[in-house]
1. May I ask you to say which residue of 246, 212 is out of contact with any strand residue (DSSP E or B) (no Cβ under 9 Å at 6 or more places or on another chain) and at pLDDT below 90?
2. Looking at the stretch 343-381, which of its residues are part of a helix (DSSP H, G or I) and either touching a Phe, Trp or Tyr at 6+ places or on another chain (Cβ under 7 Å) or not aliphatic (A, V, I, L, M) (or both)?
3. Of the residues that sit in the stretch 81-114 and are modelled with pLDDT of 85 or more and not in a loop (DSSP other than H, G, I, E, B), which one is farthest from the chain's Cα centre (by Cα)?
4. Which of (1) surrounded by 24 or more Cβ atoms within 10 Å (Cβ to Cβ); (2) outside any loop (DSSP other than H, G, I, E, B) is the odd one out, the single condition residue 229 does not satisfy?
5. Considering each residue of the stretch 345-392, count those that are loosely packed, with under 14 Cβ neighbours inside 10 Å and in contact with a His (Cβ under 9 Å, 6 or more places away or on another chain), and give that number.
6. Give just the number: which of (1) over 20 Å from the mean Cα position of the chain (by Cα); (2) assigned to a loop (DSSP other than H, G, I, E, B) does residue 187 not satisfy?
7. Looking at the structure I just gave you, is residue 406 at pLDDT below 85, farther than 24 Å from residue 254 by Cβ and assigned to a helix (DSSP H, G or I)?
8. Residues in the stretch 91-116 that are in contact (Cβ under 8 Å) with a residue 60 or more places away in the chain and touching a strand residue (DSSP E or B) at 6+ places or on another chain (Cβ under 8 Å): how many?
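The values are calculated or read from the model by the stated rules, or taken from the named source; none is laboratory data. Since the structure is predicted, the reported quantities are computational estimates derived from the model, not experimental observations. As a convention, Cβ positions derive from the backbone with ideal geometry for all residues, glycine included, and neighbour counts pool all protein chains shown.
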Amino acid sequence: MLASMRTAGRLCGLSPDTRVVNILLGQVVKANHLGCSPALTAWRWRWRLTGGTRGVSTSCTLCAKVRGNPKKTEISEKKLTRHFKDHRCVKLVAGSGGRGACSFHSEPRKEWGGPDGGNGGDGGSIIIKADRVVKSLARVVPVYRAEHGQSGGSKNCYGKNGSPTYIYVPLGTVVKEEGTTVVDLSENGQEYLAVFGGSGGKGNRFFLSNENRAPMTATPGLEGQERVLHLELRTMAHAGLVGFPNAGKSSLLRAISNARPAVAAYPFTTLNPHVGIVTYRDHEQVAVADIPGIIRGAHLNRGLGISFLRHIERCRCLLFVLDMSSPEPWTQLQHLRFELDQYEAGLSQRPQAIVANKMDLPEAQEKLKTLRDLVSQRVIPVSALTGQNTEELILHLRELYDGYLREEDSGEGKPTR
């Protein structure tokens, strides 16, 4: 019908647009005589002419889809806390072996074919694997059950083995069982076979012997191994920022590295450890961890407690961040060292530096002189807000890192870069 209308309009010398308008007007007039709505009739003809597609313009600014890459928004500390997990208790159940088959060969003109029952397949094992892409234990579920092996079949067919199940964990994950450390997954791709799958059962073909030419015995598969393990994540970093809440650790990490932790004017802003990378001109990289605030009694699990004190264990050097706006900042250093020693003996004796933060305040200069008189370690005054003297901190951090590498090279252990 539409083709005949176009042919008639072409014979009359009308343009395509004029022909379409005339057709629509004629149908609208015809619809008025029949009692139909003109708008409904015009909409129906427009739907037919466009092939059932809606007239949407993508060239218009209001209708077109935004094609540019939107700026990635930073995840808030609350959402990050919801998804970040640094400890898990998992139950691992390996797959059971398949049952062996009991059958005899049956074939025309072959009456005594003999036993042909195949063995069952082995059950699947569960393997814990360290992956540098994974950053949290949030995707680890409480229970893992591996695939069971399939049963054997006739004609000496063996059952299929169960596929192994992999659990991907971040680097630095420690696997414990009943409080005892089983393995430390600190290298990318390192695997630990947690539970073994059960062996498959034997078919009656396996029991064929000269004494027993027609065995009727077939054994079931063995049950898979079952264990309950505890997974703990310890941050892999070369240096750790240790200090009381609201001491400016997150601001300092933003000033010296590419990390962007949340910063606010209230304590306990950081609820999860953040790791930033400090890059030097010789392309050497040093990882610095922002440990959440420590309070008095943290070794007794007060505040954030032991759950974040364990992240300091892997740090080779410590940076004690003191709040120079407090009345006596040197007492903070004493309390921090006491909490670390109570958690692990000798932890506060690692290579360290004292960072006097918030030096942009007017009363900080007098407290700095008193602090230097009371301590024997090097004190680096900085201001994370203005970036004052952060270059000295970065250079001293490199000295601590190079000293750690020389110490490891002189011993038998391989340094962790």
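1. Working: 246 fails: out of contact with any strand residue (DSSP E or B) (no Cβ under 9 Å at 6 or more places or on another chain).
Only one candidate qualifies: 212.
2. Initial filter on the stretch 343-381 (part of a helix (DSSP H, G or I)): 343, 347-349, 364-374.
Listed by number, the residues that qualify are 343, 348, 349, 365, 366, 367, 369, 370, 371, 372, 373, 374.
3. In this case the residue turns out to be 104.
4. (1)
5. 1
6. Against the list (1) over 20 Å from the mean Cα position of the chain (by Cα); (2) assigned to a loop (DSSP other than H, G, I, E, B), residue 187 comes up short only on (1).
7. On the way: at pLDDT below 85: yes; farther than 24 Å from residue 254 by Cβ: yes; assigned to a helix (DSSP H, G or I): yes.
Yes; evaluated as a whole, the condition is true for this residue.
8. Residues flagged as in contact (Cβ under 8 Å) with a residue 60 or more places away in the chain and touching a strand residue (DSSP E or B) at 6+ places or on another chain (Cβ under 8 Å) within the stretch 91-116 amount to 12.
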